[in-house]
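The values are calculated or read from the model by the stated rules, or taken from the named source; none is laboratory data. Just so we're clear, the structure is a prediction, and the values are computed from it rather than from any experiment. Counting neighbours? That spans all protein chains shown, and the Cβs are built from the backbone with ideal geometry, glycine included.
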Amino acid sequence: MSSTPKTDALMRRGAAFLGTDHAILCGAMSWVSERNLVAAISNAGGFGVIACGAMTPELLDAEITATAALTGKPFGVNLITMHPRLFDLIQVCADHKVGHVVLAGGIPPKGSVEAIKAFGAKVIVFAPTLALAKKLFRSGADALVIEGSEAGGHIGPVSTSVLAQEFLPSLAEDHIVFVAGGIGRGEMIASYLEMGASGVQLGTRFACASESIAHPAFKAAFFRANARDAVASVQIDPRLPVIPVRALRNKGSDEFIAKQREVANLLDQGAVDMAAAQLEIEHFWAGALRRAVIDGDVEHGSLMAGQSVGMVTKEEPVATIMGELMG
Ligand SMILES: Cc1cc2nc3c(=O)[nH]c(=O)nc-3n(C[C@H](O)[C@H](O)[C@H](O)COP(=O)(O)O)c2cc1C
């Protein structure tokens with residue numbers, strides 16, 4: 001007999017879709033969501049998701065094998081749509097009979113949803129607007145994550161509470177919708193479930209669990225931080241687009257502004273063309289998350305974190321966090 005019958009009832013549809021006890025996904029976090037955290041989440045009754053990020057198909061193959069050795073429970077794989085070898089990565093998921101593939105980072109390219117469904121997996125997508133969400137469901141997506149600007153990592157401009165009010169009334173009855181961004185406590189989960197969500201996705205709250213391999217300095221920065229420390233990166237020149245990233249403010253954030261100014265000046269002088277300038281901006285953060293998560297460089301690396309970071313105060317096992325959220 002479950003100790004949380006009311007929440008279980010509200011989560012039934014999402015849990016059945018994921019094949020889990022609880023309809024709580026731990027959103028893929030590059031470098032953080034590897035075998036140890038993913039298996040711990042799934043073993044605790046949630047749904048772990050491997051962050052493929054920029055991995056090669058060979059590395060993804062090894063990561064899936066290693067994760068499956070640590071858990072017999074379902075877990076998923078998150079693929080970034082602009083990965084140059086997306087279809088090879090899908091093939092790796094097919095070889096392992098991965099049950100759920102999350103397509104993140106943009107509109108799924110032609111044929112990708114079909115390629116995933118062809119081996120029987122469920123496809124989970126993101127959509128920034130209601131119209132696009134409906135289109136993706138018509139094209140075969142099985143579930144949707146709506147993610148508000150409170151979240152850690154790459155974000156859109158609209159808050160989770162507004163997205164939930166916009167999307168859930170028209171989609172939740174007929175479709176599986178998970179809500180993400182800024183969720184730190186069980187009461188918040190309950191309220192989105194009451195609004196019709198099938199479940200939720202959290203990242204920040206799980207990033208510093210005992211099973212997370214994140215560097216102790218990365219975790220310590222989370223424990224020190226308040227909601228207001230998790231800020232969105234800013235774009236300073238209209239010619240140089242920056243997809244906002246929410247992260248803890250550090251020297252790296254200031255250096256990013258200086259970098260944009262430097263590149264804008266080079267553009268003004270005609271020293272670089274637009275393509276080279278944009279590439280330089282994009283490259284600035286490449287590797288920055290790894291520097292913080294793995295090397296523990298919390299000054300210059302990227303400390304991606306959502307506004308719920310203030311509710312992350314100590315290292316706890318995933319099962320404890322999951323129990324607290326469910327309770
Ligand atoms: C450190 C970090 C890294 C992340 N990396 C990714 C990623 O590689 N791919 C992705 O789709 N989402 C990524 N996210 C977003 C999470 O999957 C999740 O949707 C988000 O953290 C949920 O919001 P929350 O942080 O408010 O809980 C990342 C988030 C964090 C905090």
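Any residue that is surrounded by fewer than 21 Cβ atoms within 10 Å (Cβ to Cβ), more than 13 Å from the ligand (Cβ to nearest atom) and within 19 Å of the chain's Cα centre (by Cα) - is there at least one of those in segment 153-160? Yes - at least one qualifying residue is present in segment 153-160.
The set of residues in segment 194-204 that are crowded, with 24+ Cβ neighbours inside 10 Å and farther than 16 Å from I50 by Cα comprises A197, S198, G199, V200. Applying the set (1) modelled with pLDDT under 95; (2) within 16 Å of the ligand (Cβ to nearest atom) to I236 leaves exactly one unmet item: (2).
Applying the selection to segment 128-145, what residues are farther than 26 Å from R290 by Cα and either within 13 Å of the ligand (Cβ to nearest atom) or not hydrophobic (A, V, I, L, M, F, W, C) (or both)?
First, pick out the residues of segment 128-145 that are farther than 26 Å from R290 by Cα: 128-144.
Scanning segment 128-145 gives P128, T129, K134, K135, R138, S139, G140, D142, L144.
Take the conditions in contact (Cβ under 8 Å) with a residue 12 or more places away in the chain and either farther than 17 Å from A214 by Cβ or over 17 Å from the mean Cα position of the chain (by Cα) (or both) and apply them to R249. Does it pass? It is true that R249 is in contact (Cβ under 8 Å) with a residue 12 or more places away in the chain and either farther than 17 Å from A214 by Cβ or over 17 Å from the mean Cα position of the chain (by Cα) (or both).
Number of residues in segment 164-213 that are away from the ligand (no atom under 12 Å from the Cβ) and assigned to a helix (DSSP H, G or I) equals 15. I need the full set of residues from segment 232-291 which are touching a helix residue (DSSP H, G or I) at 6+ places or on another chain (Cβ under 9 Å) and among the hydroxyl-bearing types (S, T, Y), in order please. Passing the criteria: only S233. Just one residue in the set P108, P128 is surrounded by 17 or more Cβ atoms within 10 Å (Cβ to Cβ) and either among the hydroxyl-bearing types (S, T, Y) or not in a strand (DSSP E or B) (or both); that residue is P108. Scanning segment 176-209 for residues that are over 30 Å from V293 (Cα atoms) and in contact (Cβ under 8 Å) with a residue 40 or more places away in the chain gives I176, A190, L193, E194, A197, S198. Here V263 does not fit the description of being within 30 Å of N36 (Cβ to Cβ) and either surrounded by fewer than 13 Cβ atoms within 10 Å (Cβ to Cβ) or not small (G, A, S) (or both). A264 meets all of the listed conditions (1) among the small types (G, A, S); (2) within 16 Å of the ligand (Cβ to nearest atom); (3) not in a loop (DSSP other than H, G, I, E, B) but one, namely (2). The set of residues in segment 269-327 being free of Cβ contacts under 8 Å to residues at least 40 places away in the same chain, more than 16 Å from the ligand (Cβ to nearest atom) and part of a loop (DSSP other than H, G, I, E, B) consists of Q269, G270, A271, V272, D273. The single condition among (1) of a type in the set (S, T, N, Q); (2) farther than 14 Å from L18 by Cα; (3) within 16 Å of the ligand (Cβ to nearest atom) that T65 does not satisfy is (3). Evaluating P216 against the criteria (1) at pLDDT 95 or above; (2) more than 12 Å from the ligand (Cβ to nearest atom); (3) over 23 Å from V32 (Cβ atoms) leaves one unmet condition, (3).
Take the residues in segment 95-105 that are out of contact with any His (no Cβ under 9 Å at 6 or more places or on another chain) and assigned to a strand (DSSP E or B), then tell me which one is farthest from the ligand (Cβ to nearest atom). Outline the logic, then answer.
The initial filter retains those residues of segment 95-105 that are out of contact with any His (no Cβ under 9 Å at 6 or more places or on another chain), namely 95-103.
Remaining after also requiring assigned to a strand (DSSP E or B): 100-103.
Working: H100: 13, V101: 12, V102: 7, L103: 9 Å.
Here the answer is H100.
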